Structures are given as C-alpha cells and as structure tokens.
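Novice: Supplied in structure tokens, the structure appears directly below.
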Amino acid sequence: MKGVLRILAKLNVAVALIFLSTSVCAEYSSDAPSIKRLRIDFVSAPDWIEIHNVEEVPEKLVIQLARGGGIFPIAAFNQDGPAFPELVSIFKNKVGERKILFVIVKWRYYLSGVGTEGDYYEVHAYEAKGGGRGEIIFSENRRISDFFGSGFDGKQEGKVVHFRFKDAAAIRKSLSRCKDWTTRE
C-alpha cells in the first residue's frame, strides 16, 4: 500500500511540474536562469564571479569565473531536501603565498519535529591553476576547507548552537591570527 501511495505521489508531482513548466513558459519569453555578477579580479583584472540559481529538481547554486569570454566552473551546491543553497559570501584572501577564493554557502532548515531551526554553513576554499589553451581550473584546497569546516547555527535538536565561520570577517580574523599557514596538500 505504501509503495502505491509513493508512486501516486511521485506521479502527482511530475504532472504538477509539467503543468507548472508550461504555464511558466507561456508567461515568460526567456527561460534563461538569473545570473548575478560580482567583480572579483581573482586571477587578473577584470574577473567576474557569476552566480546562477538553476531551478531544476534538485535546485542548484552554480558558481563560476567569467573572464575574456570564457566561463570556468568553480563549484555547484545542490538543494538538500526542502533546503535551498544560498551564497552567503565569496571573497579572495591570501593564505601563505597562495591566493584563495573562499565560498560560504548555507542551507536554511526548519524541522520542528526534531527541535531544529537554523542555518547549516559550509566554508570552501579554492585555488586556481592554469590549464592548456588559457583555461583556468579550480580545485578545492581540502586542508583549508576542512579547517574552517561546516556547522549549524541556530537550534539543533533543542540545543542552541553557533557556527564560528559564517562570514568573511570571521575567516579573515582567524587567518590573521595564524600567520604560518602551510597550504601544501
């Protein structure tokens, strides 16, 4: 019985999405995703960060570098259940002798059944390396990403918790205190 209900629920969602997508297409002449652009000059000037909210199932937050007509992927973050990814901050900072691009992303959760309400944060640190034919390849520096980590800020299972690194200022403050960063993998 539960299996039949699940199939009917999925079928109902699929039909609703089909009708929703056709009505949306009828209202808008362009189905291009909304793109936010921020100037960052990470590799050289002018460099732009493009932030896309890709509205598909699951919803994605896509971050990429745009320069000289080229688009270079940095990262993508997926929807987690009912929680959509949201870019909190993106900034560059030197760590040791390396230029690092920091990305802070959060997901908002409200799970009243387990006494949880708040934001789950992740901090990611990326380095850019040159590839062939003028390409730029971003790779995550796991050592730095793991240091700043991830965590919940709000009420988690009935207890109030705080995540330290939920903005650029907190990360920069921590970096300034620790002058001997070694970023070799």
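Novice: Which shape class applies to region 33-177: rounded if a/c is under 1.5, otherwise prolate when a/b exceeds b/c and oblate if not, where a ≥ b ≥ c are the square roots of the Cα gyration tensor eigenvalues?
Specialist: Since a/c reaches 1.5 but b/c is at least a/b, the shape of region 33-177 is classed as oblate.
Novice: Which links in 60/166; 106/159; 94/159 stretch past 26 Å when you go from one Cα to the other?
Specialist: Those over the limit are 94/159.
Novice: Relative to the compact-globule scaling 2.2 N^0.38 Å, provide the ratio for the alpha-carbon radius of gyration of region 65-112.
Specialist: 1.53
Novice: Right, something else. Report the relative contact order of region 33-177, percent, no decimals, based on alpha-carbon pairs under 8 angstrom and at least 6 residues apart.
Specialist: 15
Novice: Now for a different question. Hey, rough spin-label estimate for residue 139 and residue 54, points 7 angstrom out along Cα→Cβ, what's it come to in nanometres?
Specialist: Between residue 139 and residue 54, the simple spin-label model gives 2.3 nm.
Novice: Okay, next question. Per-residue counts of other Cβ atoms within 10 Å, averaged by peptide: what ranking do you get for 128-136, 116-124, 163-171, 52-60, highest first? Intermediate results must be reported in sequence, preceding the final value.
Specialist: Values: 128-136: 11.2, 116-124: 19.4, 163-171: 17.2, 52-60: 13.6.
Those peptides, ordered most packed to least, come out 116-124, 163-171, 52-60, 128-136.
Rule-based calculations on the coordinates, nothing more; no lab input. Just so it is clear, the model here is predicted, and its values are computed rather than measured. When we count neighbours, we look across all protein chains shown, and the Cβ atoms used for this are built from the backbone with ideal geometry, even at glycine.
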